[in-house]
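The block underneath contains the structure these notes are about, expressed in C-alpha cells.
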Amino acid sequence: MHIAITGRLGSGKSTVAGILSETLGYDIYSTGSVQRHAAAEMGITTLELNQRMMTDAAFDHVIDDAVTELSRTRDHIIFDSRMAWHFAENAFRVFIDVDADEAARRVFAAERGDVESYRTVDEAKAALIRRQELERERFKSIYGVDYTDPDNYDLVIDSTNSTPEKTAEKIITEYKRISGE
C-alpha cells in the first residue's frame with residue numbers, strides 16, 4: 001500500500017513525507033519538487049507556472065500519469081502531491097491542514113530559493129492563498145474534484161500546533177491500522 005499526502009501549502013507535507021520515508025523505508029515521489037524544478041528552468045515562479053497551467057493541462061497530465069503508473073508498478077511509495085490521492089492506486093490518502101497564518105510563517109522562514117521568496121509574512125500569506133485557489137480551480141476544471149474536500153481522504157490531520165514528527169507519528173499509526181502492516 002502507498003501513502004498519498006496532500007494538504008495546504010505550508011502544512012509540512014514534504015517534511016512529514018521525509019520523516020515517513022525515513023521511518024518506513026519508502027521512496028518519495030514529490031510533484032511539488034517536479035513543479036519547482038520546471039518553474040526554475042523556465043525562469044518563473046511556481047505561482048506563474050500554476051497560472052500557465054490553468055490554460056494548458058498538459059503538464060498536469062504528465063505528472064498524474066506518472067503517479068498512476070508508479071502506483072501500479074511499484075510498492076510502498078509516499079506520494080507528496082496535491083492530486084495523488086485521486087490518481088495513486090491502493091493508497092492511504094492523507095490531507096494535512098494548517099492555519100493560513102502559520103503556513104505563511106513557515107514558508108516565509110523556509111529557504112526555498114529566489115523563485116519562492118517573500119519580503120514579509122503577509123506577502124507570503126497572500127501568495128499562498130492565491131496559489132492554493134489557482135490550484136483548486138485548476139483541478140476542479142480539469143478533473144471535476146476539489147482536493148481540499150476532507151471527504152476525499154482516509155485521514156485529515158491539522159499540523160498547525162503539531163511538530164512534523166508528531167504529525168508523522170499519527171499518520172503512521174493510522175496507516176498501520178488500515179493497511180495491516
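The values are calculated or read from the model by the stated rules, or taken from the named source; none is laboratory data. Values in this document were obtained by computation on a predicted structure and should not be read as measured data. Neighbour counts are summed over all protein chains in view; Cβ atoms, including those assigned to glycine, are modelled from backbone coordinates with ideal geometry.
A few comments on the model shown:
- Members of the range 24-45 that are in a helix (DSSP H, G or I) and farther than 17 Å from residue 4 by Cβ: 36, 37, 38, 39, 40, 41, 42
- Candidate set: the range 125-157, residues that are under 14 Å from the mean Cα position of the chain (by Cα) and of a type in the set (A, V, I, L, M, F, W, C); chosen: the one surrounded by the fewest Cβ atoms within 10 Å (Cβ to Cβ): 156
- Among (1) touching a helix residue (DSSP H, G or I) at 6+ places or on another chain (Cβ under 8 Å); (2) at pLDDT 90 or above, the one test that residue 116 misses: (2)
- Evaluation of residue 32 against the conditions (1) within 11 Å of the chain's Cα centre (by Cα); (2) over 21 Å from residue 139 (Cα atoms) shows that the sole unmet condition is (2).
- Residues that are in a loop (DSSP other than H, G, I, E, B) and surrounded by fewer than 12 Cβ atoms within 10 Å (Cβ to Cβ), drawn from the range 46-74: 55, 56
- Residue-level check: of (1) β-branched (Val, Ile, Thr); (2) within 15 Å of the chain's Cα centre (by Cα); (3) more than 17 Å from residue 136 (Cβ to Cβ), residue 62 misses just (2).
- Residue, surrounded by the most Cβ atoms within 10 Å (Cβ to Cβ), within the range 158-181, restricted to residues that are under 14 Å from residue 2 (Cα atoms) and either among the hydrophobic types (A, V, I, L, M, F, W, C) or touching a Ser or Thr at 6+ places or on another chain (Cβ under 8 Å) (or both): 171
- Complete set of residues in the range 143-158 that are among the aromatic types (Phe, Trp, Tyr) and either within 12 Å of residue 170 (Cβ to Cβ) or touching a His at 6+ places or on another chain (Cβ under 9 Å) (or both): 143, 147
- Selection status of residue 27, surrounded by 19 or more Cβ atoms within 10 Å (Cβ to Cβ), among the acidic types (Asp, Glu) and touching a residue at least 40 places away in the same chain (Cβ under 8 Å): no
- Tally, over the range 162-181, of residues that are in a loop (DSSP other than H, G, I, E, B) and either touching a residue at least 12 places away in the same chain (Cβ under 8 Å) or among the charged types (D, E, K, R) (or both): 1
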